[in-house]
1. Run the reach check for residue A:477 against lysines, Cα to Cα strictly under 29 Å, same-chain hits fewer than 8 apart removed. What comes back?
2. Dividing the alpha-carbon radius of gyration of segment A:241-356 by 2.2 N^0.38 Å (N being the number of residues), what value is obtained?
3. Do any residues of segment A:405-429 show a loss of at least 40 square angstrom of accessible area between the isolated chain and the full protein assembly, using a 1.4 Å probe, and if so which?
4. Which order do the peptides A:98-108, A:148-158, B:71-81 come out in when sorted by mean C-beta neighbours inside 10 angstrom, highest first?
5. In segment B:78-92, what residues drop by 40 Å² or more in accessible surface going from the chain by itself to the full protein assembly, probe 1.4 Å?
6. Label-point separation (nm) for residue A:480 and residue A:539, each offset 7 Å from Cα along Cα-to-Cβ?
7. Could you sort the peptides A:461-468, A:173-180 by per-residue average Cβ neighbour count (10 Å cutoff), highest mean leading?
8. Over the C-alpha atoms of the protein assembly as shown, what are the Rg and the largest Cα-to-Cα span, Dmax, in Å?
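The values are calculated or read from the model by the stated rules, or taken from the named source; none is laboratory data. The structure presented is a predicted model; accordingly, all values stated were derived computationally and were not measured. As a convention, Cβ positions derive from the backbone with ideal geometry for all residues, glycine included, and neighbour counts pool all protein chains shown. The protein model used for the area step is the full one, side chains on, heavy atoms only, and it has no ligands, DNA or RNA in it. Shrake-Rupley method; radii C 1.70, N 1.55, O 1.52, S 1.80 Å.
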Amino acid sequence: MTITDLIFPPAFIMIIGAMLVPMVRASFRPVLVVLVPMLTLLMIWNLDDGVLLTARFLGYEIQLVEASNVRRLFATIFALMAMVGGFFGFRHAKVTELSAAMAYAAGAVGVAFAGDLVTLFLFWEFMALFSTVVVWCGGTEASRRAGIRYGIMHLIGGIILKIGIEGVAVQTGSIEIQALTLNSFATWMILIGVLINAAAPPVSAWLSDAYPEASPTGSVVLSAFTTKTAVLALWLLFPGQTILIWVGLYMIFYGIIYALMENDMRRILAYSIVNQVGFMVVGVGIGTELALNGVAAHAFAHIIYKALLLMSAGAVMVQTGKRKCTDLGGLYRTMPVTAVCGIIGALAISAFPYTSGFISKSMISSGAAYEELAFVWYCLVAASAGVFLHAGIKFPWFVFFQKDSGLRPKDPSWNMQAAMIFFAAACVLIGVFPQVLYQFLPFAVDYVPYTADHLVTQLQLLLFAGLAFFVTLPLMKRTLTISLDADFFYRRLGPMLWRGFETLLGGLNGMMHKLIIDPARLLPQFWMRYHGPDGPLARTWPTGSMLMWVTVMLVVILIGARLL
Amino acid sequence: MSKQSETVKQASDRAGKGLIANVYGEDCPRVELPLQDGQPHWLVRPSTIKLLWRVFSIILALTVIAQGFVHVHEYFTFDGWFGFNAIFGFVSCLGMVIFAKLLGLFLKRPDTYYDDH
């Protein structure tokens, strides 16, 4: 069965699902969070290519659903993520959070199938709204504040995107989603608006500020959608824009360096999201079929292993209540399932052979090699080693090994273990049988990941990166610190300047009082003396004195008239 | 600040299904260190660690030696050299760790830095 005439977009299934979550009985909730994304998947995979559903909106002919290979691939992983993330969290997450997470995922599916910029913008903002709710569901004062900052950042990004979309609509008369050239203010605005969601510099800090403050389920869900819809938007709108290569390289090394300095396990993983999205942004910038295939494959693989890593971190947090590397360590003793799943995720993110990262990331770096971008290629190779350093070893080492923290937590509840095992299996399955993923990529794949050459060079690179980790371990002693980032400007410097401004205004105010207002007060005082409520000229006079004064005036007039 | 968060919590408790998350890890068992049960876990015994280092060294050597039997495709100037990936991986990681350490001198702040505002 294929669907040629749609009556509603696939995202609507999940929106309805999100509305149903708070209405059904608690015991039916896990069924619902699995069933709804499954129905969505079923619909996604029955869509024909092309524009399938249009509507009139504000005078525009908008395309609510346009399907293609790459859109279907992203929508698939979004729906899958909603399913596994919801299943992971249904026992700990609040109803509000489960519902918001599903609505958020619906927004991502909506963006994936948006055929024009207006539809894209609508679902884009829908995501911003519900992702902010997910951050708030962390339930702490810190998450309340982080959620406000997160919301403001995404509303600003949305406004910039909207300015760009309106500009393009006015200049070209078309709101079609197609490859744009960066030749006008409007297209630049669209690029900036999309890059803000991709956590590109200089605003990368919003991600590591907000995601780790969400609940254990929340950060799993958040890791998947916002940045990856931005990658898809870049894929569709700006393939081959050279500037993206440099933006992406910055993100890659920013993520590694900040993760190396970080002490909070979930912030380490948040920085590594920026790092991984950087690889995808570079791939879009290279823009060849191989690189674009690599981006799509890497986004798919990344969502799985990053969710897996955050699930294992979330499981540790649920069981121990701790998230700082300085408090953790030695947990492999009592949390073997979580540790093994975390290690599989860590190997996958490091592109270890026979894991999903190996078959996806190498497409992007081969894309650079085939285009003879020597500098970019060397950077990507160094970064691959760096990923193993900051996420591949650092995360499992400091959480599950290093010193014995004395904590003896059990593995988490069965649903959390099941979700982790499912995604860990997916990482290995895709790694061992790359065709599972390759057959769904947007362009035909003739790339062969497993050659003796590739295996030897990758193992050399990663294992010697591992050696570097253990050699420099004394340099990486964890400290109870955070690292300053661009958020310093709006969390510290901004308020500081504002307080300074207030003091300055206060001073000016005092001066104004002395020089102008106090002297000026004399004038009304003068008036008040005679015309005020008690002034002689404004008093209510007794009739007698009135009569007397009238008599006096008459006498004066009479005498005056007589004299004249 | 804590007062404010308490009022948020009270409000949500009254609502019954509010935003406040669970308090995690309350029943997480904790053992007093050093371990009372004598022998440490086999994985952290010095003899095991020594063995692990030996095995790891052998694997490292093997990955380099293997390059002698495999033709490595060369795209640019250095990448086909014998042991290029080993040296490049090690040196670039060393560089990143040292760079992060130095940058940390300027950028690291106590993790309560933003709390008092």
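1. A:306, A:322, A:324, A:394, A:403, A:410, B:50, B:101, B:108
2. 1.16
3. A:406, A:408
4. Result, highest mean first: A:98-108, A:148-158, B:71-81.
5. B:85, B:86, B:88, B:90
6. 7.4 nm
7. So the peptides A:461-468, A:173-180, ranked by packing, come out A:461-468, A:173-180.
8. According to the Cα coordinates of the protein assembly as shown, Rg and Dmax are 32.1, 140 Å.
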